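As C-alpha cells, the structure follows; a few thoughts come after it.
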Amino acid sequence: MSNKEVKAALKSARDAIRNKEYKEALKHCKAVLKQEKNNYNAWVFIGLAAAELEQPDQAKGAYKKAIELEPNQLLAWQGLANLYEKPNQIHVKGDLADVYQKLLELYESGDKQKWCDVCNKLVELYHQEKKYLEVAETWQKLIRMKQEEGAEKAELHQLWKKMIQLLKDSTRNQDNKTGQLLLSAFEHALSSADVIPGEDHQNLYKDFIQCLSKFPHEVARLEKACHDMMALYPTMSYPLEVLCLHFVHSGTLSEEALHCFSRLLEMDANSGPGMIGFGIKCLKEKKYKEAVKSLTEGLQKTNQCPVAWHYLAEAQMKIHEHRNAVLSCNQALEALGTPEGPNLRWKNLALQLKAETFIKIADADAAEEAIKALEQIVDASSNPVVSALRGQAYLNKGLMDQASKISQELLLSYPDLAEAHALEGFIHYSQKNYEQAEKSFLSAIEKKAGTAEYHQYLGLTYWFMSDETKKDKGKALTQFLKAAKLDSYLGSAFCYLGNYYRDIAGDKSRARGCYKKAFELDEMDEESGTAAVNLSVELGDMDTALSILNEVTGKARPGTAKWAWLHRGLYYLRTGQPSQAVADLQAALRADPKDSNCWESLGEAYLNRGSYSTALKSFRKASELNPGLVYSIYRAAALEQILGKYENAIATYQQILKKTENYVPALKG
C-alpha cells in the first residue's frame with residue numbers, strides 16, 4: 001500500500017466514523033496498520049471506533065499505543081479522556097486524573113479556554129474523591145492563569161469564593177497544607193470583595209472566623225480576624241462571641257478576655273458566650289452562686305461551648321451541689337465526644353472532676369462510678385493526683401488493701417504531694433488510728449494549707465481522739481473554724497462547730513447559729529436541723545424554730561422530712577392546736593409508719609381533738625409496735641371506757657396491772 005493509499009484509507013476511516021459506521025472504520029484502520037504498524041492516526045481512529053462499539057479494553061489499548069508513539073499529540077489524550085468519562089467506566093478515576101493533568105500540560109501554551117475546561121473537570125474529579133489538597137492546588141493554578149490573563153477583580157472574587165466552597169468540608173481532615181490554602185482563599189476573597197463594608201462581605205467574614213476557630217494552632221490569626229471584623233462592623237456581636245468562646249476554651253483569663261466578656265454583655269445582655277464568660281469570672285472570684293446562675297443561663301443560650309459545662313460542674317462542686325455537678329460533668333463529656341488535641345485535656349479534666357464529685361458523695365455506689373470515671377482518663381497512671389483519687393474511691397468502697405497500696409506507692413514516689421499524705425490520713429481515720437491520722441493531715445496541711453477538707457478531717461480526728469483534744473480550743477475547734485473559713489459552704493464544719501459550742505462550751509446561742517448555718521447549707525442534714533430547732537425551743541425562740549420547720553415542711557415531698565413534721569406536730573400538740581398536730585404527725589408517719597412514739601403522739605392529738613375512735617386505733621397501733629408503751633395501753637383502756645366498751649377496758653387495765661402492779665392510772669380506771 002502506497003503512501004497515497006494510506007492517506008485514502010485514513011480518510012475513508014474518518015468518513016466512516018462520521019457516518020457512525022464504526023466496523024467499517026476499523027477495517028480501513030487495520031488495512032493501514034498492516035502497511036504502517038506505527039501509524040498514529042490509525043490507532044486513534046481504532047480507539048474512537050472501538051469505544052463507540054462498547055469495546056473499552058480495545059479502545060484503551062489503541063489510545064495507549066498512539067500515546068506511546070506520539071506522547072505530546074493531543075488527539076489520543078482527548079480520546080482517552082472521553083473514554084474514561086463514559087458512565088460505564090468504573091475504577092478509572094485515578095487514570096482519568098493523570099489524563100487531565102497531561103491535557104493541561106498540552107493546552108497550557110495554546111488553547112486557554114480548553115485548559116480552563118479541563119482544569120474544572122480535574123477539580124471536580126478530585127472533589128468527588130475528597131482529595132482536597134489536590135483540589136486546592138489545581139484551583140489555585142486556574143486562578144493564577146486568570147490573573148495572568150488580566151481577569152477582572154469581580155471574576156477573581158468569585159473564583160476565590162468557589163475555592164472556599166470546594167474546600168469547606170476539608171477542615172474535618174485537619175490537613176495543614178490544605179487548611180492554609182483554604183484560609184488564604186478566605187483572605188483573598190475578603191480583600192477582593194466589591195463592597196466593603198457590605199452584607200456579603202460581612203457573611204464571608206463570619207465564615208472565615210468560623211473556619212479559623214476549627215484550627216487550634218491559628219490562635220493569633222483568629223484573634224486578628226475577630227478584631228479586624230469588630231473594627232469594620234462595630235455593632236455586630238458575632239466576632240466578640242467567637243473571641244469570648246476562644247478565651248473560655250483556652251482556659252486563660254487574661255485582662256483582654258475579661259474586657260471581651262464585659263464588652264459583649266454591654267452589647268447584648270442576653271449573649272450566651274457573654275454570660276458564660278461572666279460566670280467563669282465569678283468562679284475565679286469565688287462568687288460561686290453567681291457563677292452557677294450565669295453559667296447555667298449562658299449554656300441555655302449556646303450549645304457551642306462544651307468547656308462551660310466543666311466550669312459549671314466546678315462551681316456546683318464548690319457549693320457542694322454534688323449531684324448537679326455530676327450531671328454537668330456528663331454534659332461536658334457528651335458535648336466533647338471523642339476529642340483530640342486541646343479537647344482531650346478538657347475531657348480528662350471533666351472525668352477527674354466527675355470522680356472527685358462521686359468521692360464527695362461518699363457511698364459505695366458512688367465510689368464505683370468514681371473508679372469508672374478515673375479508668376477513662378488518658379495517661380492516668382502518670383498523674384499522682386488521679387492515683388490519690390483512685391485510692392479515696394477504693395477506701396469509700398471498703399477496699400482497704402488497694403487504697404493502702406496506692407497510698408504507700410504515692411508516699412514513696414511523691415513525698416511532697418499533699419494528696420498522698422491526705423489519702424494516708426483518710427485511711428488511718430477510717431481505721432480509728434487517730435494519732436497516725438493527725439500526723440498525716442498535718443503533713444498534708446503543711447504542703448497545701450488552703451484545703452478546707454484537710455482541716456475538717458484534722459478537726460474530726462481531734463474530736464474523736466480523746467476528751468482532751470475534743471475540749472482543747474487549739475485542737476478540734478481551731479481546725480473546724482479554719483475549715484469553715486476556707487470553705488463557707490462546708491456544712492459539716494458548721495455542724496461540728498455547733499456540737500462544740502453546745503456540748504463543750506455550753507454556748508447555746510452560738511451553737512444554734514452554727515447548726516442553723518449548717519442546715520441552710522445542706523437541707524438533708526437532719527442532725528443540724530433538729531439541733532437548731534431544739535436549741536431555739538430551749539432558748540425560748542419559737543419563731544426561729546417554727547420558721548425552720550415551716551421552711552422544711554413547705555419544700556418536703558410526701559414521705560420525707562419526718563423529723564420536721566414530728567417536731568412541728570409536737571409543738572402544735574403542746575400549744576393546744578390538735579387539728580394541726582394531727583396533720584403533721586400523719587405526715588411524719590408517712591415517712592416512717594413504724595415509729596411507735598409517733599403513733600402515741602398522734603393518738604394524743606386525736607384525743608385532744610375529741611376523735612375518740614381514731615385516738616383508740618392510734619394508741620393500739622403504738623402498743624402493737626412496742627408492747628412496752630404502758631402509756632399507750634392505758635390510754636386505749638381509758639378510751640374504751642369512755643366509749644362504753646367496759647369489758648374491753650377492764651381486760652386492758654388488767655393486762656397493764658399484770659406487768660406493772662402499782663400503775664395508779666390503771667387501778668383508778
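The values are calculated or read from the model by the stated rules, or taken from the named source; none is laboratory data. From a predicted model like this one, the values you see are computed outputs, not experimental measurements. Cβ coordinates were reconstructed from backbone atoms using ideal geometry, including for glycine residues, and neighbour counts include every protein chain displayed. In case anyone asks, the SASA skips ligands and DNA or RNA and just uses the protein heavy atoms, side chains included. Shrake-Rupley method; radii C 1.70, N 1.55, O 1.52, S 1.80 Å.
Go through (1) among the hydrophobic types (A, V, I, L, M, F, W, C); (2) surrounded by fewer than 19 Cβ atoms within 10 Å (Cβ to Cβ); (3) assigned to a helix (DSSP H, G or I) one by one and return the number of the condition Leu182 breaks.
Only one criterion in (1) among the hydrophobic types (A, V, I, L, M, F, W, C); (2) surrounded by fewer than 19 Cβ atoms within 10 Å (Cβ to Cβ); (3) assigned to a helix (DSSP H, G or I) is unmet by Leu182, namely (2).
Tell me, please, whether a residue that is of a type outside the set (Val, Ile, Thr) and under 21 Å from Ile209 (Cα atoms) can be found in region 290-297.
From region 290-297, those of a type outside the set (Val, Ile, Thr) are 290-291, 293-295, 297; that's our starting set.
Subset that is under 21 Å from Ile209 (Cα atoms): none.
No, region 290-297 has no match at all.
Taking helices (runs of 4 or more DSSP H) that fall entirely within region 1-60, which contain at least 2 residues that are open to solvent by 90 Å² or more (accessible area, probe 1.4 Å) and under 26 Å from Gln89 (Cα atoms)?
By residue number, 3-18, 22-35.
Every residue, every condition in (1) open to solvent by 70 Å² or more (accessible area, probe 1.4 Å); (2) over 30 Å from Ser413 (Cβ atoms), yes or no:
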site	(1), (2)
Lys281	no, yes
Glu285	yes, yes
Thr302	no, yes
Gln331	yes, yes
Glu334	yes, yes
Arg345	yes, no
Ala373	no, no
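Among the residues of region 229-275 satisfying the criterion of being among the aromatic types (Phe, Trp, Tyr) and in a helix (DSSP H, G or I), which is farthest from the chain's Cα centre (by Cα)? Steps first, please.
Kept after step one, since they are among the aromatic types (Phe, Trp, Tyr), are these residues of region 229-275: 233, 238, 247, 261.
Those still in the list that are in a helix (DSSP H, G or I) too: 238, 247, 261.
Values: Tyr238: 24, Phe247: 18, Phe261: 22 Å.
Out of the qualifying residues, it is Tyr238.
Can you tell me which residue among Arg512, Arg502 is surrounded by 18 or more Cβ atoms within 10 Å (Cβ to Cβ) and either of a type in the set (Gly, Ala, Ser) or in contact with a Leu (Cβ under 6 Å, 6 or more places away or on another chain) (or both)? Spell out how you get there, then give the answer.
Details: Arg502 fails: either of a type in the set (Gly, Ala, Ser) or in contact with a Leu (Cβ under 6 Å, 6 or more places away or on another chain) (or both).
Matching residue, one of Arg512, Arg502: Arg512.
Could you please let me know if Ala193 is part of a helix (DSSP H, G or I) and more than 20 Å from Gln304 (Cβ to Cβ)? Show your work before the answer.
Details: part of a helix (DSSP H, G or I): no; more than 20 Å from Gln304 (Cβ to Cβ): yes.
No: the conditions fail for Ala193.
Just to be sure I understand, how many residues within region 360-395 are in a helix (DSSP H, G or I) and either on the phi > 0 side of the Ramachandran plot or of a type in the set (D, E, K, R) (or both)?
Residues of region 360-395 that are in a helix (DSSP H, G or I), as a first pass: 360-361, 364-375, 380-382, 384-395.
If we keep only those that are either on the phi > 0 side of the Ramachandran plot or of a type in the set (D, E, K, R) (or both) too, we end up with 360, 365, 368-369, 372, 375, 390.
Adding up the residues that qualify gives 7.
Check Glu538 against each of (1) open to solvent by 60 Å² or more (accessible area, probe 1.4 Å); (2) over 22 Å from Asn597 (Cα atoms) and name the one condition it does not meet.
Glu538 satisfies every listed condition except (2).
So which residues in region 463-499 are of a type in the set (Lys, Arg) and either surrounded by fewer than 20 Cβ atoms within 10 Å (Cβ to Cβ) or out of contact with any helix residue (DSSP H, G or I) (no Cβ under 6 Å at 6 or more places or on another chain) (or both)? Talk me through it step by step, then tell me what you get.
From region 463-499, those of a type in the set (Lys, Arg) are 470-471, 473, 475, 482, 485; that's our starting set.
Lys470, Lys471, Lys473, Lys485, listed by residue number.
Condition (residue is surrounded by fewer than 14 Cβ atoms within 10 Å (Cβ to Cβ) and at pLDDT 85 or above) applied to region 190-197: is it met by at least one residue?
Among the residues of region 190-197, at least one is surrounded by fewer than 14 Cβ atoms within 10 Å (Cβ to Cβ) and at pLDDT 85 or above, which makes the answer yes.
Could you identify the single residue in His421, His428 that is over 26 Å from Leu312 (Cα atoms) and within 32 Å of the chain's Cα centre (by Cα)? Explain how you work it out, then say what you get.
Numbers: His428 fails: within 32 Å of the chain's Cα centre (by Cα).
Checking each option against the conditions leaves just His421.
Which of the residues that make up region 171-224 are of a type in the set (D, E, K, R) and touching a residue at least 40 places away in the same chain (Cβ under 8 Å)?
Initial filter on region 171-224 (of a type in the set (D, E, K, R)): 172, 175, 177, 187, 194, 199-200, 206-207, 214, 218, 221, 223-224.
Within region 171-224, Asp175, Lys177, Asp194, Asp207, Lys214 meet the criteria.
Do the conditions hold for Phe278, that is, is it under 26 Å from the mean Cα position of the chain (by Cα), without any contact (Cβ under 8 Å) to a residue 40 or more places away in the chain and either farther than 20 Å from Val307 by Cβ or in a helix (DSSP H, G or I) (or both)? If you could, list the steps in order and put the result at the bottom.
Numbers: under 26 Å from the mean Cα position of the chain (by Cα): yes; without any contact (Cβ under 8 Å) to a residue 40 or more places away in the chain: yes; either farther than 20 Å from Val307 by Cβ or in a helix (DSSP H, G or I) (or both): yes.
Considered against the rule, which asks whether it is under 26 Å from the mean Cα position of the chain (by Cα), without any contact (Cβ under 8 Å) to a residue 40 or more places away in the chain and either farther than 20 Å from Val307 by Cβ or in a helix (DSSP H, G or I) (or both), Phe278 comes out as yes.
Determine whether region 166-177 contains at least one residue that is within 18 Å of Ser192 (Cβ to Cβ) and either in a helix (DSSP H, G or I) or open to solvent by less than 70 Å² (accessible area, probe 1.4 Å) (or both). Let's see the steps before the verdict.
Here is the first cut: in region 166-177, the ones within 18 Å of Ser192 (Cβ to Cβ) are 166-167.
This time we only want the ones that are either in a helix (DSSP H, G or I) or open to solvent by less than 70 Å² (accessible area, probe 1.4 Å) (or both), so: 166-167.
Yes, that holds for at least one residue.
Run Val99 past the list (1) at pLDDT 85 or above; (2) under 30 Å from Ile67 (Cα atoms); (3) assigned to a helix (DSSP H, G or I) and report the number of the one that doesn't hold.
(1) is the only condition that Val99 fails.
Conditions (1) in a helix (DSSP H, G or I); (2) free of Cβ contacts under 8 Å to residues at least 40 places away in the same chain; (3) under 16 Å from the mean Cα position of the chain (by Cα), marked per residue:
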site: Leu295; (1), (2), (3): yes, yes, yes
site: Asn303; (1), (2), (3): no, yes, yes
site: Asn324; (1), (2), (3): yes, yes, yes
site: Glu340; (1), (2), (3): no, yes, yes
site: Leu349; (1), (2), (3): yes, yes, yes
site: Lys354; (1), (2), (3): yes, no, yes
